[in-house]
1. Just reorder A:LYS40, B:LYS157 by solvent-accessible area, largest first, 1.4 Å probe, all chains present.
2. What is the percent of Cα-Cα separations in the protein assembly as shown that go past 43 Å?
3. Compute the signed sum of charges (Lys and Arg +1, Asp and Glu -1) over the other residues within less than 13 Å, Cβ to Cβ, of A:GLY70.
4. Compare B:THR16, A:THR12 by solvent-accessible area with a 1.4 Å probe and give them largest first, with all protein chains kept in place.
5. Mind pulling the angle between the C-alpha long axis of helix B:124-136 and the longest principal axis of chain B? Nearest 10 degrees, somewhere in 0 to 90.
6. Mean Kyte-Doolittle hydropathy of 1.6 or higher plus an axial Cα length of 20 Å or more: which whole DSSP H helices in chain A meet both?
7. With the full set of protein chains in place, find how many percent of the accessible area of the range B:166-252 is carbon and sulfur; take the probe as 1.4 Å.
8. What figure, in Å² to the nearest 10, do you get for the accessible area of B:HIS24 with a 1.4 Å probe and non-protein molecules left out?
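The values are calculated or read from the model by the stated rules, or taken from the named source; none is laboratory data. What you see is a predicted model; the values in this text were computed from it and never measured. FYI the Cβ positions are ideal-geometry reconstructions off the backbone, even for glycines, and counts take in every protein chain you see. Heavy atoms of the whole protein, side chains included, go into the accessibility calculation; ligands, DNA and RNA do not. Shrake-Rupley method; radii C 1.70, N 1.55, O 1.52, S 1.80 Å.
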Amino acid sequence: MTNQTTYKVPFTILIVTLLVCFLGNISLGSVSIPITSVFKSLFATIDNDSWHYIIHNYRLPKAFTAVLVGSGLGISGLLMQTLFRNPLAGPFVLGISSGASLGVAIVILGAGIFGGNLATLLLSKWSVVIAASLGSFLVLLSVLAMSLKVRDTMAILIIGLMFGSITSAVVSVLSYFSSAEQLQQYIFWGFGSLGNLSWNELFIFFCIYLLGLFMSIISIKALNTLLLGENYAKSLGLNINQSRFIIIIATSLLAGTITAFAGPIAFIGLAIPHMVRQVFTTANHKVLLPAVFLFGAIVMLICDSIAQLPTSDYTLPINAITSLIGAPVVIWLLVRKRKMLF
Amino acid sequence: MTKTQPHTILKTESLTIGYKQKKHQTVVADDVNIALQQGELVGLVGANGIGKSTLLRTLTKVQPPIDGSVFINDKLLENSSYLELSKSLSVVLTEQPASKNLTVFELVALGRQPYTNWVGNLSENDISIIEKALLQTNIQQLKDKKCFELSDGQLQKVMIARALAQDTHLIILDEPTTHLDMYHKAYILKLLKTLAKDTNKTILFSSHEIDLTIQLCDKMIVMTHSQVISDTPCNLISKGVFNELFPEDMITFDEKTGSFRVKK
């Protein structure tokens, strides 16, 4: 596919917007820091130590996390929508987030059952991250094992959904035997959070993210071929099983680590590809993939800036903000164009 | 291979087609021996459920044969990879493309996928082949339209252009004239005739338009309950094969006009 239109202008606008949103995001927070000091502290040490500390150890990692989360979820949503030819698919259709929820539920809600020292150990942050990764990895492994046996792509979609209901059922059973305090802790994890990541954690997050991103990029041609449907794709020499495998692994690396580090963040993965399709009116993944990357990062930065309620001490759950802001935008786009492009 | 003897593009040797299940197998047709030469337009006709699609699926390596062998360009089908096959065989299926949010140019350009690099960039050569395919199917003016804006007839031409852009010796079309009105049925089949002649490609299509197929094709493959027979339309008429196509209590074949009549 060629880019008959080069899309230079929209891409320039998106990149500039991303930079502005990034700077805006690190300028806003519960402590008000003048924007000139924010700039200065990025490139040199400033006199005010606590401002410097806040920007370097809290706001910058959080802004980077927002970029990774937004772009990663957007891309995995795009991959799933094309693979399953379903506009309702998102990063979590294969049961990745429900697997993570199960892992976290076992750690948080199960901690009470073990009690004592083990409970304190279980509740440390790393154990939540590991539990979430293990949970999503195990569910994914089961779905993948079946995807090798099942020829029909749609059947894989249903299998993913079934795994989702099994895990949420187990979570319900666990919740039933848990204390109110544990439940609250579990629910708070479900709200999602972009903060709290140290530079070390962010580095691990970034490495896995890069691997997922790389696999998405090498799938661009396969994704475009899949736009014709699987039978045509096969007649064009595409190795369907191999491409499907790479696409699923890419999605799980992206969505899996994001869920592990930032919680199950809803909506972004489903909505961003639709927003991009409305703006760019193309189905070519060579355009869609970078556009989804930029769009996802921008939307996530904006949502995060709002969620912190600048100058106040409160932070709203990011999961609620993404839907509150994003859903009306998608509805507006669809109503305005009156046509769903897919 | 001498110049006087046309090159055989597709050949089957005592091919048995059907479905294999764990214990038993269902044979749809056996002893299928056909040979299609370069530049021939070939129509495949037969009643509903006789096995036209099974035959086409076997010829395009979507399902394996029960017995016998298929050769494309003298190469055994089961020995060629999907990528190799995609450079000698292109298809037009009955199914619609999964996404219609592609422009006509983009869709036709997907036909170049077997030749493009890892990200699918088009070379100058690719673009000129695509332009030629658009020209041959007479759809240059639709180039920038989205596929959801097209009529069924236009979309069919686009799918044929995509197959042309794939630059293969053999094009196989599964019922290319369904959903089309009488004019467009004739138009598409005539287009195939012209393409076979001009590009020297072998074009095989299945169809229920027996009258049109008799008039236009160089060769026909007729599937009946008892046999799969391939010959020129005239020879097939004189052999009386068309009378075996359908149960004779309803319609009969009129040899003089080359068309079917309903029994009143």
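1. A:LYS40, B:LYS157
2. That fraction is 36 percent.
3. It works out to a net charge of 0.
4. Sorted by accessible area, descending: A:THR12, B:THR16.
5. Taking Cα atoms only, the helix is inclined about 50 degrees.
6. A:8-27, A:96-114, A:125-149, A:153-176, A:199-218, A:285-307
7. Carbon and sulfur: 54 percent of the exposed surface of the range B:166-252.
8. 110
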